[in-house]
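Single-structure report; data block below.
The values are calculated or read from the model by the stated rules, or taken from the named source; none is laboratory data. Since this is a predicted model, take the numbers as computed values, not measurements. Every residue, glycine among them, receives a Cβ derived from its backbone with ideal geometry; neighbour counts consider all protein chains shown.
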Amino acid sequence: MLTSNRHLKNLVIRATDGEIGTIDQLYFDDQIWAVRYLTVNTTNWLDGRKVLISPLSILQTDWNAGRIDVSLTRKQVENAPGIDTHKPVSRQHEAEYFGYYGYPYYWDGPYMWGPSYFPTAQPPLMSRENALADRIKTQSTDSHLRSTEAVSGYQIDAKDGEIGHVDCFLIDDEAWAIRYLEVATKNWWPGKKVLLSPAWVERVSWEESKVFVAVTREAIQTCPEYLDTVPIDREYENRLYFHYGRPPYWVEEVSHAAAYAAIGR
């Protein structure tokens, strides 16, 4: 299911032995466009400090109850390595975090979540010793994490000029991947919103507060209109990708998986 990051905000995170807090924002990888962490506000617990929860720990999302259940205890979260959410999260901090929980590194594998495309399809957790040994090899690698809150409002630059700004993100809550950027074009093209795939993003610039995309203004202007009051279905997605002449993400992922399987034989 595709949902806006706005709909995820304030969802309750429940551990196996009680509530942890509510979702504040999301950290995503601007190369793979996967949501790597949920930033959780612990309110009256832990003096209100924010903690990071990886989608690797998610058991289920109960939309009716407004809650996400995770396979962690409150004590595990309390004792997890502290990360200052007001500063960029470094790969070294991530390695320490993954080592604590014994998770396989998402950056150490061919797929979106390292060994697989989905965080719920992970192999058994690594031992603490293996995680710490791997950390030594990977801690110098740069992290590419950005918060949805920080990037919301960034200007979108097409190949031939500005088209609008990032309004929010549409997230696949199974793969925990950002499937689309919802773009408001009101300053250029009143009354219309459009969706752009992260696969068409060339780069994100912190310095300029811009997202550069490899499509033209004309292509965007004539694309299928997006109505945020109507659920996105596969028919709409097919029309969108056909318009841009690009392969859809579900085809790309199958091809990617087949290529790596062939290499492994």
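What the table shows:
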read-out: Given (1) modelled with pLDDT of 85 or more; (2) within 28 Å of MET1 (Cα to Cα); (3) out of contact with any helix residue (DSSP H, G or I) (no Cβ under 8 Å at 6 or more places or on another chain); (4) not polar (S, T, N, Q), index of the condition LEU52 fails; value: (3)
read-out: Verdict on ASP30 being under 15 Å from the mean Cα position of the chain (by Cα), under 18 Å from GLY114 (Cα atoms), charged (D, E, K, R) and at pLDDT below 95; value: yes
read-out: Which listed residue, of ARG6, ARG36, ARG14, is under 18 Å from the mean Cα position of the chain (by Cα), of a type in the set (D, E, K, R), part of a strand (DSSP E or B) and not assigned by TED's automatic domain parsing to the domain that holds VAL183; value: ARG36
read-out: Filter pass, VAL211 being part of a strand (DSSP E or B), crowded, with 17+ Cβ neighbours inside 10 Å and of a type in the set (Val, Ile, Thr); value: yes
read-out: Residue match in the range 237-253 (condition: in contact with a His (Cβ under 8 Å, 6 or more places away or on another chain), modelled with pLDDT under 95, farther than 25 Å from PRO119 by Cβ and in a loop (DSSP other than H, G, I, E, B)); value: no
read-out: Test: residue in the range 66-75 that is within 30 Å of SER197 (Cα to Cα), in a helix (DSSP H, G or I) and either modelled with pLDDT under 95 or of a type in the set (A, V, I, L, M) (or both); value: no
read-out: Those residues of the range 17-33 which are touching a residue at least 60 places away in the same chain (Cβ under 8 Å), in a strand (DSSP E or B) and not charged (D, E, K, R), in sequence order; value: GLN25, LEU26, TYR27, PHE28
read-out: Candidate set: the range 195-208, residues that are in contact (Cβ under 8 Å) with a residue 12 or more places away in the chain and part of a strand (DSSP E or B); chosen: the one surrounded by the fewest Cβ atoms within 10 Å (Cβ to Cβ); value: GLU202
read-out: Hits in the range 51-65 (condition: aliphatic (A, V, I, L, M) and part of a strand (DSSP E or B)); value: VAL51, LEU52, ILE53, ILE58, LEU59
read-out: Residues satisfying the stated conditions in the range 75-121, i.e. charged (D, E, K, R) and out of contact with any helix residue (DSSP H, G or I) (no Cβ under 8 Å at 6 or more places or on another chain); value: LYS75, ASP84, LYS87, GLU94
read-out: Residues (part of a loop (DSSP other than H, G, I, E, B) and either within 21 Å of the chain's Cα centre (by Cα) or within 16 Å of LEU170 (Cα to Cα) (or both)) located in the range 220-236; value: GLU225, LEU227, ASP228, THR229, VAL230, PRO231, ILE232, ASP233
